[in-house]
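The values are calculated or read from the model by the stated rules, or taken from the named source; none is laboratory data. Being a predicted model, the structure only gives us computed values, none of them experimental. So basically every Cβ, Gly included, is an ideal-geometry build from the backbone, and we count neighbours across all protein chains shown.
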Amino acid sequence: MELFNNNKVYEFMRLNKLIFSISVVLVAISAFLFFTKGFKLGIDFSGGTVVQLRYDKTPDIAKIRALLDGSVLGRADIQTFGDKNEILIRFQASSAGVTKDAGDIVASILAPSGKFEVRRVEIIGPKVGNELKEKGLMALAVAVAGILIYVAFRFEWRFAVAAVIGVAHDIVLTIGGLILFGIEFDLTVLAALLMLMGYSINDTIVIFDRIRESIKEAKPIDGKYDLSYLINEAISRTLSRTTLTVLTVFFVILTLYLFGGEIIHGFAFTMLIGSIAGAYSSIFISSPFLIWFGYDVAKAKEKEAEKLKIKIEKEKMRAEFEKGTV
Amino acid sequence: MKKANLRVWVFVVTTLFGTLLCIPSFIGADFFAKVKLGLDLQGGLYTSLAVKTDEAVEAKIKSTALGFKYYAEKNDILIDSLKIEPVSFSFVLLDKEAKPKIEEYFKEDKGISLSYNGDMILVSLTPEEVALTKEYAVGQAVETIRNRLDLFGLAEPSVTKSGSDNIIVELPGVKSQAEEQRARELIAKTAKLELMEVDSDRIDALSMSEEDLKATGVRVLADYKNPNEKFVVKDVPVLDGSMLTDAKVGYDENGQPAIEFKLNSQGASIFADFTAKNVGKRLAIVLDDKVYSAPSIRERIGGGSGQITGHFTPEEARDLAIALRSGALPASVVMLEKRSVGPSLGADSIEQSLIAFVSGTVLVFAFMVFYYGIAGIFANIALISNIVLIIALMAMFNATLTLPGLAGLVLTIGMSVDANIIINERIRELLRQGVSVRKAIEDGYSNAMSSIVDANITTIIAAVAMYVYGTGPIKGFAVVMTIGILVSMLTAIVGTHGLFDALLSKIEKSKNLKLWFGIPSSYLKGVK
């Protein structure tokens, strides 16, 4: 089966102004959401208490709320979790006592509300929350820096910066989506964002690699090179691959989202948005930035030729040296 | 041809090796390494505790004071107004000639400095000694908690130091909330045993302020069952739990469970001396600042053993004996973080992840075969081998499979076929240009190589950042992703290449590129 006509070169770069303005709007919306609505931080980062209970029959949420009202733990946020017999109770407060913690307190307060099993208790003190926040930001920063350095080393700085702009774009849009749909930002979501970086850069690198190849093979037309065309050609050649990989990744994330259970929901949702954003940005964001950064094909080819010349010269010298003529 | 054989052999051998090694993980047999499940999958308690190290310093100064007091009494050195502060204690020396004796007594101890203020002598711990005491306290707390949990009877508890004064406790296999709470009680029980002299002349102490109490050198402690019943005891204990050698469950005269303890020789002689001198007075048995009983001393008690009575359940008595036997915590602990998952939730998580895993695999498999024909089947074989090897390697290196790790395994299915997609697209491209099958495969692989390697390395960079800065479950995810990517280089590249090479003559003979590579014949017509 074939998805795209592989002999055709699609003119992606012609669209770049239009698409780019769409992206700018989306990024602006994400930023707006970030500064107005803001994250719903999970207790991993905000500190607090989560207690997950499973009742033997559908619980009376109003009664649970009444029982928990005015408890020592402060205001409780109660919601059903996956199954209708299961509820998740959240508190801003955490408790430092080891022998009697917030989970035990909730269990004893709710004893009159019916028969239940305590399935999960998570208590994150404020100090740990801040520490996890710091570590999370560090992880993101280190990953970006690592990728930037690696791509700069393998390609050149313009490719690296363009790739990282694409990744940043994906992260921002994904974060916008998370805020819009009220997904709680916890450790698994952070992991998904990090994975997304790796994944989004994957797409970009496959295209960049192809662009580099196109440049190598390119012949000047009237003494000039058409970078837009070379980029279009590279994207068109890799279009099937980009689409197929997005599809396979999308399939598995969708199954994870649908069947993977409540705890993994945030993770799957993040990857779901991110995987599409990743493919989109590789084509429409990272690639045009190469043009805007003024990447000069002729110069690149000159450099390449220079390198080749040096290499040949070195080999010649070595050959002569080995023959003993020097 | 030889090279092709080598590729297939490497692939087949590693896959077989992986299959063998992952069998125990699937059937749950014990004969070889199994994948260790994270606490979020098998259920259990993870908690991070902070040791209140200041308390250890205080205890240290207290025991120094206690030792000194004993020495002074033994050598008839008259002292008065012994007062204990957080990092020092002071006393007034009544007979001045004894000063050299006192200097001699403290000379040995490098961690102590003496200063004088008139008749008052101040004994304080040096800053180095304070730091050392804190460090030692954390180490000892780790040891003590580990001993207690080992005795508690759950499989494979893990207690490790983290940072300067934190402890991480991981306790897998906790079956119920009640059991979890019992374990927590055992972890946090200071189990500080003190035998204290009841000061019956000081009933007025009950209404004293905290400061006055200190100045008088007494403390007010409550009964452990009835908080309204108070005892006035002398601040400096007669004995403490550090002189304990054994504690076990016994029975009191009413047949109730009680804890019998034994003292070491030093403790036994102090105990004997004290009881001999104080017949008629009451001695309070104090555990974690609560009075368990306060019997009257009827005669000198030699032998150095005693009993703690109370209305214990057999479990309480057992846990208390464990706590006393493993020694007191040098300082109390507070909880910084706790994640506890019930076993039923863990089992549900595994089941849900498996459903996602199987359905994801079926979708990707079907898609690959539909799109690429036999080349897709090769990719699927490589994928199976990849999954099997991930599990085998995790079992081998004792890595932990967590819930995010399982998600990572599902994600691996989608991401590792990427290499095959890139390769197959390259091969198709060459075939369309009319290149021979043999050359198309060779060049397809070599053309795809740099893309695949670069793309994989950047993903590994992200995974490593995640591993370094992540905690527990997230680390598990990073591990699965990294192993998955590395293994996919072998399975998806070397493995499928080997399969192509092995069947090369067949492919060349059949000429059916739709069957082998999924290329529609209409596409090729234009080329030929």
> Just for region B:459-510: of the residues that are among the aromatic types (F, W, Y) and in contact (Cβ under 8 Å) with a residue 60 or more places away in the chain, which one is nearest to A:G136 (Cα to Cα)?
Replying inline: B:F477
>> Would you confirm whether or not region A:287-302 contains a residue that is at pLDDT below 90 and within 14 Å of another protein chain (Cβ to nearest Cβ)?
In response: no
> What residue, of A:G114, A:G82, A:G70, is modelled with pLDDT of 85 or more and not polar (S, T, N, Q)?
Replying inline: A:G114
>> Suppose we filter A:E131, A:E233, A:E184 for residues that are closer than 20 Å to B:P473 by Cα, surrounded by fewer than 23 Cβ atoms within 10 Å (Cβ to Cβ), of a type outside the set (K, R) and touching a residue at least 12 places away in the same chain (Cβ under 8 Å); which single one remains?
In response: A:E184
> Of all the residues that make up region B:351-372, how many are crowded, with 16+ Cβ neighbours inside 10 Å and more than 9 Å from chain A (Cβ to nearest Cβ)?
Replying inline: 2
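Could you list, in sequence order, the residues of region A:1-45 that are within 13 Å of chain B (Cβ to nearest Cβ) and out of contact with any Lys or Arg (no Cβ under 6 Å at 6 or more places or on another chain)?
Within region A:1-45, A:M1, A:E2, A:L3, A:F4, A:N5, A:N6, A:N7, A:K8, A:G42, A:I43, A:D44 qualify.
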> Can you tell me which residues in region A:88-126 are of a type in the set (S, T, N, Q) and without any contact (Cβ under 8 Å) to a residue 40 or more places away in the chain?
Replying inline: A:T99, A:S108
> Considering region A:203-224 alone, what residues qualify as being among the acidic types (D, E) and assigned to a loop (DSSP other than H, G, I, E, B)?
Replying inline: A:D222
> Taking region B:55-91 only, how many residues are outside any helix (DSSP H, G or I) and either touching a residue at least 40 places away in the same chain (Cβ under 8 Å) or within 22 Å of B:E211 (Cβ to Cβ) (or both)?
Replying inline: 13
>> Take B:G414 and tell me if it is of a type outside the set (S, T, Y), at the interface with chain A (Cβ under 10 Å from one of its Cβ atoms) and touching a Ser or Thr at 6+ places or on another chain (Cβ under 6 Å).
In response: yes
> Regarding B:K234, is this residue within 24 Å of B:L263 (Cα to Cα), of a type in the set (D, E, K, R) and out of contact with any helix residue (DSSP H, G or I) (no Cβ under 9 Å at 6 or more places or on another chain)?
Replying inline: yes
>> I'd like the residue in region B:288-336 that is under 22 Å from the mean Cα position of the chain (by Cα) and of a type in the set (V, I, T) and, out of all such residues, is farthest from the other protein chains (Cβ to nearest Cβ).
In response: B:I322
> Could you count how many residues in region B:387-401 are out of contact with any Lys or Arg (no Cβ under 8 Å at 6 or more places or on another chain) and in a loop (DSSP other than H, G, I, E, B)?
Replying inline: 1
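Quick grid of which residues meet (1) surrounded by 15 or more Cβ atoms within 10 Å (Cβ to Cβ); (2) in contact with a His (Cβ under 9 Å, 6 or more places away or on another chain); (3) touching a residue at least 60 places away in the same chain (Cβ under 8 Å):
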site	(1), (2), (3)
A:E2	no, no, yes
A:K8	no, no, yes
A:F34	yes, no, yes
A:F45	yes, no, yes
A:T49	yes, no, yes
A:S71	yes, no, no
A:R75	no, no, no
> So B:I384 clears everything in (1) more than 10 Å from chain A (Cβ to nearest Cβ); (2) over 24 Å from B:R428 (Cβ atoms); (3) in a helix (DSSP H, G or I) except one condition, right? Which one?
Replying inline: (2)
> Is there any pair with a first residue in region A:252-273 that is facing another protein chain (nearest Cβ under 8 Å) and surrounded by fewer than 21 Cβ atoms within 10 Å (Cβ to Cβ) and a second that is assigned to a helix (DSSP H, G or I) and among the aliphatic types (A, V, I, L, M) whose Cβ atoms are under 6 Å apart and which are 6 or more apart or on different chains, and what are they?
Replying inline: A:F259/B:I355; A:F259/B:A356
> Can you find a residue in region B:142-153 that is in contact with an Asp or Glu (Cβ under 7 Å, 6 or more places away or on another chain), within 30 Å of B:E180 (Cβ to Cβ), in contact (Cβ under 8 Å) with a residue 40 or more places away in the chain and of a type in the set (V, I, T)?
Replying inline: no
> In this structure, does A:L190 turn out to be in a helix (DSSP H, G or I), surrounded by fewer than 24 Cβ atoms within 10 Å (Cβ to Cβ), of a type outside the set (S, T, N, Q) and within 12 Å of the chain's Cα centre (by Cα)?
Replying inline: no
>> Restricting to region B:81-110, count the residues that are exposed (fewer than 11 other Cβ atoms within 10 Å of the Cβ) and acidic (D, E).
In response: 3
>> Consider region A:85-111. How many of its residues are more than 9 Å from chain B (Cβ to nearest Cβ) and modelled with pLDDT of 85 or more?
In response: 14
